[in-house]
Amino acid sequence: MKLHEYQAKGIFEKSGISIPNGQLITEANQASEAVQSINGPPWVIKAQIHAGGRGKAGGVKVENDPAKVVTAAESILGKPLMTKQAGPDGAVVHQLLIEEGIDIEREFYLSMVIDRATASPTMIFSQAGGMEIEEVAATSPELILKEHVDPAVGWMPFQARNFIYKLDPALSPDTARGLMSVMASVYKLFLANDCSLVEINPLVITGEGRVVAVDAKITIDDNALFRQKELLELDDPREKDPLELMAENYNLNYIRLDGNIGAMVNGAGLAMATMDVIKLAGAEPANFLDVGGGASEEMIMRGFEIILKDSRVKAILINIFGGILRCDVLARGVLAAAKKTSISVPLIVRLEGTNVEEGRAILKDSDLEFLVAKDLAEAAELVAKQVS
Ligand code: GDP
Ligand code: MN
């Protein structure tokens with residue numbers, strides 16, 4: 001579950017990390033009042049959406065004139081913001097954060113994630129922070145520093161020093177202490193809130209040598225939400241992909257991807273293998289959809305409906321190995337969905353396992369048009385051929 005910047009900054013503040021003073025608004029006419037209660041000029045107007053890259057897309061504005069703050073608020077609120085990380089339709093901005101402008105001397109990058117390779121919380125730090133961090137990572141990876149944390153020991157001050165001693169120019173002792181304290185706090189809040197990501201980009205050194213989190217990004221591990229009831233209240237369903245939201249409501253494991261092959265598979269492992277063979281055959285999956293072992297006819301129908309609703313899908317592959325999920329249940333679910341929504345793209349089916357003959361018969365006796373593949377490799381090739 002992703003948090004908004006203002007929500008993440010609330011957690012930072014509680015953890016002792018300095019943030020700019022600010023106020024959240026939902027209507028443009030609240031902007032002039034906000035300006036009066038916040039230090040400035042300059043003021044910063046920031047779109048609150050879950051996608052990053054807002055600065056480059058015009059979702060972060062720095063203004064010196066109160067009237068311009070209002071104009072900026074009017075121009076951003078209620079409209080979609082086309083950032084690189086948002087989907088093709090952009091993300092509609094429902095809320096703005098108005099903040100005091102910070103006098104930026106240096107911009108650092110600081111984040112914490114779980115590194116799966118070492119199975120440890122890992123802090124990532126770079127003195128080349130700011131909006132070009134992705135480019136820095138691609139062209140000058142040596143500027144991105146990492147420290148793995150042994151969970152039994154926790155974050156150690158020497159690890160912060162490993163980062164700080166490499167800084168050029170060096171920091172004043174006070175600023176260095178401030179930065180060390182932010183790093184220790186990030187580790188603590190990462191654990192306390194069951195985060196999968198904490199990111200501060202930029203983490204700013206001000207002209208006076210203060211350390212301030214100018215941006216904030218937090219993602220909470222969904223699997224821990226059962227014990228993070230307070231955080232669950234910060235959920236903003238408006239930010240979710242409508243198809244992913246629909247899938248969530250039907251307990252389907254669905255993730256939208258960038259390609260054009262819709263796929264319906266049972267079992268996460270088989271789903272991943274199916275993604276792999278689709279790619280091997282030279283095509284790109286439009287989604288990951290694991291209907292699960294014990295999917296009901298209703299769940300199959302909803303899953304298929306979700307795939308059909310995705311306008312980018314140019315061909316569909318159904319790959320089911322019937323174990324607990326029986327092939328006849330699958331077939332009936334697919335037919336039920338097909339009755340509700342017309343299928344205008346080629347459909348490739350590979351069925352194996354429990355009640356496979358019955359499932360095949362149900363599909364064959366219907367007026368559904370589809371191609372049958374005898375195995376996974378053939379299924380992938382067939383489906384890739386439809387879009388090439
Ligand atoms: P993002 O593009 O979605 O990551 O949004 P950020 O919050 O990181 O803002 C983008 C950029 O706007 C930052 O990298 C800063 O350079 C600039 N910015 C944001 N807040 C301030 C501020 O208070 N003062 C100044 N001078 N620049 C700011
Ligand atoms: Mn940022």
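The values are calculated or read from the model by the stated rules, or taken from the named source; none is laboratory data. Predicted model only: the values in this text are computed from it and were never measured. Positions of Cβ are backbone-derived with ideal geometry, glycine not excepted, and every protein chain shown enters the neighbour counts.
The table below gives the values:
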{"item": "Residue in region 87-105 that is farther than 21 Å from residue 216 by Cβ, at pLDDT 95 or above, more than 16 Å from ligand 2 (Cβ to nearest atom) and crowded, with 16+ Cβ neighbours inside 10 Å present", "result": "no"}
{"item": "One residue from 189, 203 being over 17 Å from the mean Cα position of the chain (by Cα), at pLDDT 95 or above and within 16 Å of ligand 2 (Cβ to nearest atom)", "result": "203"}
{"item": "Count of region 94-111 residues which are away from ligand 1 (no atom under 12 Å from the Cβ) and outside any strand (DSSP E or B)", "result": "2"}
{"item": "Test set (1) more than 11 Å from ligand 1 (Cβ to nearest atom); (2) buried (at least 16 other Cβ atoms within 10 Å of the Cβ); (3) assigned by TED's automatic domain parsing to the domain that holds residue 211 - residue 137 fails condition number", "result": "(2)"}
{"item": "Scope region 58-68; condition more than 8 Å from ligand 1 (Cβ to nearest atom) and either assigned to a strand (DSSP E or B) or within 29 Å of the chain's Cα centre (by Cα) (or both); matching residues", "result": "58, 61, 63"}
{"item": "Residue satisfying all of: in region 116-133; closer than 21 Å to residue 215 by Cα, part of a loop (DSSP other than H, G, I, E, B) and touching a residue at least 12 places away in the same chain (Cβ under 8 Å); farthest from ligand 2 (Cβ to nearest atom) among these", "result": "127"}
{"item": "Inter-residue pairs, beta-carbon under 6 Å, first touching a residue at least 24 places away in the same chain (Cβ under 8 Å) and in region 51-72, second more than 16 Å from ligand 2 (Cβ to nearest atom) and among the aliphatic types (A, V, I, L, M), 6+ apart", "result": "57/82; 66/35; 69/31; 69/35; 70/31"}
{"item": "Residue under evaluation residue 196, criteria (1) outside the structural domain of residue 4 (by TED's automatic domain parsing); (2) small (Gly, Ala, Ser); (3) in a strand (DSSP E or B), criterion not met", "result": "(1)"}
{"item": "Hits in region 69-85 - residues which are more than 9 Å from ligand 1 (Cβ to nearest atom) and within 27 Å of residue 135 (Cα to Cα)", "result": "76, 80, 81, 82, 84"}
{"item": "Close pairs (9 angstrom Cβ cut-off, 6 or more residues apart or separate chains): more than 17 Å from residue 349 (Cα to Cα) and not assigned by TED's automatic domain parsing to the domain that holds residue 87 in region 271-294, assigned to a loop (DSSP other than H, G, I, E, B) and acidic (Asp, Glu) anywhere", "result": "284/258"}
{"item": "Selected residue [in a loop (DSSP other than H, G, I, E, B) and at pLDDT below 95] from 52, 16", "result": "52"}
{"item": "Selected residue (only one of 55, 16 is of a type in the set (Gly, Ala, Ser) and within 10 Å of ligand 1 (Cβ to nearest atom))", "result": "55"}
{"item": "Residue within region 192-205 that is over 23 Å from residue 85 (Cβ atoms), of a type in the set (Gly, Ala, Ser) and touching a Phe, Trp or Tyr at 6+ places or on another chain (Cβ under 9 Å) present", "result": "no"}
{"item": "Single unsatisfied condition, residue 154 versus (1) assigned to a loop (DSSP other than H, G, I, E, B); (2) more than 30 Å from residue 228 (Cα to Cα); (3) not hydrophobic (A, V, I, L, M, F, W, C)", "result": "(2)"}
{"item": "Which listed residue is surrounded by fewer than 20 Cβ atoms within 10 Å (Cβ to Cβ) and more than 30 Å from residue 161 (Cβ to Cβ), from 59, 78", "result": "78"}
{"item": "From 235, 215, residue being closer than 15 Å to residue 104 by Cα, in a loop (DSSP other than H, G, I, E, B), acidic (Asp, Glu) and touching a residue at least 60 places away in the same chain (Cβ under 8 Å)", "result": "215"}
{"item": "Residue ID - farthest from residue 21 (Cα to Cα), chosen from residues in region 200-218 that are away from ligand 1 (no atom under 11 Å from the Cβ) and crowded, with 17+ Cβ neighbours inside 10 Å", "result": "218"}
{"item": "Residue match in region 344-352 (condition: among the polar types (S, T, N, Q) and either in contact (Cβ under 8 Å) with a residue 40 or more places away in the chain or touching a Lys or Arg at 6+ places or on another chain (Cβ under 8 Å) (or both))", "result": "no"}
{"item": "Output for region 250-259, where each listed residue is in a loop (DSSP other than H, G, I, E, B) and either surrounded by fewer than 20 Cβ atoms within 10 Å (Cβ to Cβ) or not assigned by TED's automatic domain parsing to the domain that holds residue 382 (or both)", "result": "250, 251, 257, 258, 259"}
